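Visitor: Got a structure for you, questions after.
Rule-based calculations on the coordinates, nothing more; no lab input. Source: prediction; values computed, not measured. When we count neighbours, we look across all protein chains shown, and the Cβ atoms used for this are built from the backbone with ideal geometry, even at glycine.
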Amino acid sequence: MRRTAIWQTNGPKGPHDRRASLDVPPVGCPASNDPNPVARDDRRAYSLDHVPDMHVLSVDTRPACPEEAAVLRLPGQTPVHVIDGLHVMEGRPMAMCRSVCPADLFPELPVLVQEGLAPDAAWRQSGIDRFRGETRMTATLASALQAHHLGVEEGAPILRSAFLHLDVGGLAVDYGQIWFAGDRAALVAAPE
């Protein structure tokens with residue numbers, strides 16, 4: 001079943017519409033085996049009437065690890081907020097996610113998320129305009145923790161999307177990763 005989403009994002013040149021779709025097979029059916037899939041970095045590639053629920057697994061403030069500090073262009077050991085979550089659609093886990101941002105940039109983020117506000121909604125409420133600066137998609141194998149949360153076997157193929165959000169001045173404000181269950185969704189994009 002293919003559903004198309006249209007949303008508006010704010011890029012460095014102002015608001016623009018994006019179109020994308022997510023193939024969502026019926027429960028128990030494998031994802032499409034389309035020989036020419038087109039993957040894309042756009043967020044919110046879910047249909048407007050079929051958006052997954054976000055379950056927060058943990059919220060933490062800690063020193064940035066070397067990878068996070070490098071991606072966010074921070075000095076080592078800079079405090080960051082880390083939000084781990086699980087996207088669930090129709091009772092099925094679709095993806096695990098992690099969002100990391102500099103703690104001094106958005107000090108109230110952990111409180112807002114712990115009070116039940118979704119991380120994206122908290123960012124919108126913050127007044128910090130951000131846009132997707134870069135995305136890298138890679139296939140990987142599920143760790144024991146990922147397998148547990150996604151309901152797959154350890155070592156099963158999963159799709160990792162690592163992305164960086166920038167503010168309008170080009171400052172890195174959020175480093176995110178999403179690990180999609182490999183047998184549940186195929187990202188498809190249409191030309192703009």
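Visitor: Using a 7 Å offset from the Cα along the Cα-to-Cβ direction at both T78 and V111, what is the distance between the two label points in nm, to one decimal?
Guide: Inter-label distance under the simple model: 2.3 nm.
Visitor: Report the equivalent ellipsoid semi-axes for the stretch 127-192 in whole Å, largest first, defined as the square roots of five times the eigenvalues of the gyration tensor built from alpha carbon atoms. Can you show the working numbers first?
Guide: Numbers: eigenvalues 154, 44, 16 Å².
Ellipsoid half-lengths, sorted descending, are 28, 15, 9 Å.
Visitor: Roughly what percent of Cα-Cα pairs across the stretch 64-192 reach past 21 Å?
Guide: On the way: 3800 of 8256 pairs.
For the stretch 64-192, the share of Cα pairs beyond 21 Å comes to 46 percent.
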